[in-house]
Amino acid sequence: MTTRASNDAFVEFERVQKSYDGETLVVKDLNLTMPKGQFLTMLGPSGSGKTTCLMMLAGFETATHGEIKLDGRPINNIPPHKRGIGMVFQNYALFPHMTIAENLAFPLEVRKIGKSDREEKIKRALDMVEMGRFGGRRPAQLSGGQQQRVALARALVFEPELVLMDEPLGALDKQLREKMQFEITRLAHDLGITVVYVTHDQTEALTMSDRVAVFNDGVIQQLAPPDELYEQPANSFVAQFIGENNTLEGEVMEVRDGIAVVRLDDGELIDCKPVNVSKPGERTRVSIRPERVEFNKSRLKPGAHTLKAEVMEFIYMGDIFRTRLKVAGNDEFIIKTRNAPDQVRLEPGAQIEIGWLPEDCRALDA
Amino acid sequence: MTDIAQPLTTADGKPLKGALMRAQARARRRAFLLVLPLLAFILITFVFPIGQMLYKSVYNEGFTWQEDVTTGDRTPIMTNLAAWFDANPPGTEPNEEAYAALAADLVVLRELKAPGQAGTRINYELSGSRSMFTKAARSANKLEPPYKEALLDLDKDWGNPDLWQAMRGASSSYTLNFYLAAIDRERDADGSIVMVPENRQVYVKLFTRTLTLSLLITFLTFVLAYPIAHLLATLPLRHSNLLMILVLLPFWTSLLVRTTSWMVLLQSQGVVNDALVGMGLLGDDNRLQMMYNRTGTVIAMTHILLPFMVLPLYSVMRMINPSYVRAARSLGATSWTAFRRIYFPQTVPGIGAGALLVFILAVGYYITPALVGGADGQLISNLIAFHMQKSLNWSLAAALAALLLGGVLLLYWLYDKLVGIDNLKLG
Ligand SMILES: Nc1ncnc2c1ncn2[C@@H]1O[C@H](COP(=O)(O)OP(=O)(O)OP(=O)(O)O)[C@@H](O)[C@H]1O
Ligand SMILES: [Mg+2]
């Protein structure tokens, strides 16, 4: 996916810090700019400050330090109802004493939009999420997925330019979640709205977003498009957090011509791409994706470093085979191979040699 | 595939419905047995006494039966008079025959030593008549025909048509006269229903006062409790616990202590007046009269009933997720609109429950108005107590109580129609 719109900053966090208790910083020095029309996801473990960031943007929390700008205007002193930001809450927050149509009418009524206009907009918004028939029902009479759609329609009905969503799909089952992921991205594209989306489901983040901001401990660890995030993690937290990852620990021997030679803890040498190592003697964690590991010698480049490995376990998963190996003292080393007709099924106990391209093997911080 | 028209059967061919019934009957019997003690308790302590009270309000045998306390023998009294009343329609001028019947009945009363009882019954409707009965019964044996003159010689009030109307009413054990009395009505000599004289009209005024004061107190508790409950529901646990203790503290103090402490505060030489005079806001000679009148009743009862409003409100507000108001704000509502359209409607079940609770308690409140109400702040329950303890007119007390009960039930029904009883949240 690529960035859709121009690069003028629409939402801007400038050196934003947030503390609830005056003792610990929940958000530490957050800098982020996003252009209009982008779909940005905040991804991170529980308690990393994602909701806090969203709440500061929506106006329910104030930044302890720093500035948040919307369309070039600082919004620190604008109350929530004047920010014109649509928001989808994790528990949907549909008003239980109103029907679906009344829920959608609410933002239009407070904006003093005329009755006929209102009805048309409500109908359009409900049709958009395929809930046109349910206008007369109460939220309690809808299923979780239907409530989710109504919440989405309500956040969009007053045509905000920016929509915030805080784990909107957290309560849905896998199938429905995937369907809604698709629908949300489609709507966002069609309407050209800017979306800040919060989740701690990495698949969701990768499939939906233009860019993903990986949060940990109140700091953005990496802000990048999904493919870059997966293939070129900037540090070992991102490498561990996004997708499945193999880690080997060692020490840098030399860095030369864009290649770092690393001596693993059991003494073997491998070639890596130096990411956050620069000089010999540094400790490093080497990260390799399971699907980039090759054990068929003929498919490896001549001269590539190889490592000895022992097969511990073979797991048949249908479309892929997942094999657990013991490599350089690490017996949690996973490789994934496609279930193709000519694919070898490794037997537990077998001794093999594995290798990879140096650019797939990234030397990160220890 | 089974044929749809055929009733479903179990594996061994018995009808499914029957099998289901049998399977559930056991569970139902068990459930019934489990609630049986409670059911019996409610019947004995609640339904039976209230039934007795309702019965007393329409049944009084003071002028029809005499019961010997030691032997338990029951003897009918005033039978001759009752026969005459049966034969003659209301409004008939009592003739010699009527006086003869009365004289005969007085003899019976004298023998049974029951003139006091019969006199008391008539005294309920016409004060001053008890002594007439005791006096006449004493000389009943010496009465000679013509009885009319003999009795009128004894006391000319025996010719009072109101007295005869009262005796007519009392000559049947079953009567609605106590209900009439409870709404300041009586039967005149012709038997038609009229208002009692102005100086004896008390009950309607008291019912109205009870109703208005209870509504006022309910409203005041609502106004005071709403912010407290909201604070309780939104403050962090540490602070809200302290506040909760403050709310519940009055519950742990004796009602009497609380009421008397209000007396200490409010009386004319009390703390509040002293403070106002001390600050120069009030002259020493025109201290506020806040005690022994309506003001005292309202202040003390509002305070005492406050927790009954706070608790249901709190329990409802605690369940309201703060994200509703946030959602409303993000959708463009000012904080006032968000409160009015989103928060407040969700608290209505709590308001309903609290208001109903406070109102019903207030309508029947007794101790506080008795202590701080003075003459002006008395409620209907104080009058019911008066008739139970002082005038011993239990039937009238029962009729008043039954009217109160009916009024409360009516309001309850109204509430159900307007708000819906399913919406009631008591905790
Ligand atoms: N109102 C608050 N008062 C005090 N601390 C808070 C408050 N809200 C959040 N925190 C703290 O701030 C930190 C970040 O919370 P936040 O809700 O932003 O996390 P999150 O990334 O959204 O987590 P999750 O994925 O579990 O929703 C947490 O340590 C949390 O305990
Ligand atoms: Mg969160």
Q: Kindly check whether there is at least one residue in segment A:171-179 that is within 14 Å of chain B (Cβ to nearest Cβ) and modelled with pLDDT under 90.
A: yes
Q) Listed residues B:T208, B:T212, B:T259; which is in contact with a helix residue (DSSP H, G or I) (Cβ under 9 Å, 6 or more places away or on another chain) and in a helix (DSSP H, G or I)? A) B:T259
Q) Restricting attention to segment A:190-202, which residues are touching a strand residue (DSSP E or B) at 6+ places or on another chain (Cβ under 6 Å) and more than 16 Å from ligand 2 (Cβ to nearest atom)? A) A:I193, A:T194, A:V195
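Picking from A:E161, A:E178, which residue would you name as being within 24 Å of A:R118 (Cβ to Cβ) and more than 16 Å from ligand 1 (Cβ to nearest atom)? Outline the logic, then answer.
Working: A:E178 fails: within 24 Å of A:R118 (Cβ to Cβ).
Testing whether each residue is within 24 Å of A:R118 (Cβ to Cβ) and more than 16 Å from ligand 1 (Cβ to nearest atom) leaves just A:E161.
Report, by residue number, each residue of segment A:80-89 that is within 16 Å of ligand 2 (Cβ to nearest atom) and either within 14 Å of A:V27 (Cα to Cα) or not in a strand (DSSP E or B) (or both).
Residue satisfying the conditions is A:F89 alone.
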Q | Conditions (1) within 14 Å of chain A (Cβ to nearest Cβ); (2) at pLDDT below 90; number of the one not met by B:Y412 | A | (1)
Q: Identify, by number, the condition in (1) within 16 Å of ligand 1 (Cβ to nearest atom); (2) farther than 24 Å from A:E204 by Cβ that A:R83 doesn't meet.
A: (1)
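Name the residue that is nearest to the chain's Cα centre (by Cα), counting only residues in segment B:304-342 that are among the hydrophobic types (A, V, I, L, M, F, W, C) and at the interface with another protein chain (Cβ under 10 Å from one of its Cβ atoms).
Selected residue: B:I320.
Yes/no per residue for (1) surrounded by 11 or more Cβ atoms within 10 Å (Cβ to Cβ); (2) assigned to a helix (DSSP H, G or I):
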residue	(1), (2)
B:G18	yes, yes
B:R28	no, yes
B:F46	no, yes
B:M53	yes, yes
B:E61	yes, no
B:Q66	yes, no
B:T70	no, no
Q.
Is it the case, given these coordinates, that A:N103 is more than 16 Å from ligand 2 (Cβ to nearest atom), closer than 30 Å to A:T33 by Cα and either in the same structural domain as A:M208 (by the TED database) or out of contact with any helix residue (DSSP H, G or I) (no Cβ under 8 Å at 6 or more places or on another chain) (or both)?
A. no
Q) If you go through segment A:32-61 one residue at a time, how many are away from ligand 1 (no atom under 12 Å from the Cβ), away from chain B (no Cβ under 14 Å) and farther than 18 Å from A:L169 by Cα? A) 7
Q) Regarding A:V163, is this residue within 20 Å of A:F10 (Cβ to Cβ), buried (at least 16 other Cβ atoms within 10 Å of the Cβ), in the same structural domain as A:F39 (by the TED database) and at pLDDT 90 or above? A) yes
Q: State all residues of segment A:87-96 that are facing another protein chain (nearest Cβ under 7 Å) and within 26 Å of the chain's Cα centre (by Cα); if no residue qualifies, say none.
A: A:M87, A:F89, A:N91, A:A93
**Q.** Count - residues of segment A:212-224 that are over 8 Å from the mean Cα position of the chain (by Cα) and either modelled with pLDDT of 95 or more or hydrophobic (A, V, I, L, M, F, W, C) (or both)
**A.** 5
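Which of the helices (runs of 4 or more DSSP H) contained wholly in segment B:111-172 include at least 1 residues that are surrounded by fewer than 21 Cβ atoms within 10 Å (Cβ to Cβ) and within 34 Å of the chain's Cα centre (by Cα)?
Per the criteria, B:115-125, B:129-138, B:161-170.
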(Q) Considering only segment B:380-394, I want to know if a residue exists there that is modelled with pLDDT of 90 or more and in contact with a Gly (Cβ under 8 Å, 6 or more places away or on another chain). (A) yes
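Using the structure shown, decide if A:I335 is within 18 Å of A:S298 (Cα to Cα), in contact with a helix residue (DSSP H, G or I) (Cβ under 8 Å, 6 or more places away or on another chain) and buried (at least 19 other Cβ atoms within 10 Å of the Cβ).
So A:I335 fits the description; yes.
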Q. (1) outside the structural domain of B:Y147 (by TED's automatic domain parsing); (2) touching a residue at least 12 places away in the same chain (Cβ under 8 Å); (3) small (G, A, S): which one isn't true of B:A104, the others all being true?
A. (1)
Q: Take segment A:62-86 and flag every residue that is within 14 Å of chain B (Cβ to nearest Cβ) and among the aliphatic types (A, V, I, L, M).
A: A:L70, A:I75, A:I78, A:I85
Q | Selected residue (only one of B:L242, B:L248 is in a helix (DSSP H, G or I), in contact (Cβ under 8 Å) with a residue 12 or more places away in the chain and either surrounded by fewer than 16 Cβ atoms within 10 Å (Cβ to Cβ) or not assigned by TED's automatic domain parsing to the domain that holds B:V316 (or both)) | A | B:L248
Q) Any idea which of (1) within 16 Å of ligand 2 (Cβ to nearest atom); (2) modelled with pLDDT under 90; (3) farther than 14 Å from A:L43 by Cβ is the one A:L187 doesn't satisfy? A) (1)
Q: Take A:K121 and decide whether it is surrounded by fewer than 21 Cβ atoms within 10 Å (Cβ to Cβ), in contact with a helix residue (DSSP H, G or I) (Cβ under 7 Å, 6 or more places away or on another chain), of a type in the set (D, E, K, R) and more than 9 Å from chain B (Cβ to nearest Cβ).
A: yes
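The values are calculated or read from the model by the stated rules, or taken from the named source; none is laboratory data. Values in this document were obtained by computation on a predicted structure and should not be read as measured data. All Cβ positions, even for glycine, are placed from backbone atoms using ideal geometry, and neighbour counts span all protein chains on display.
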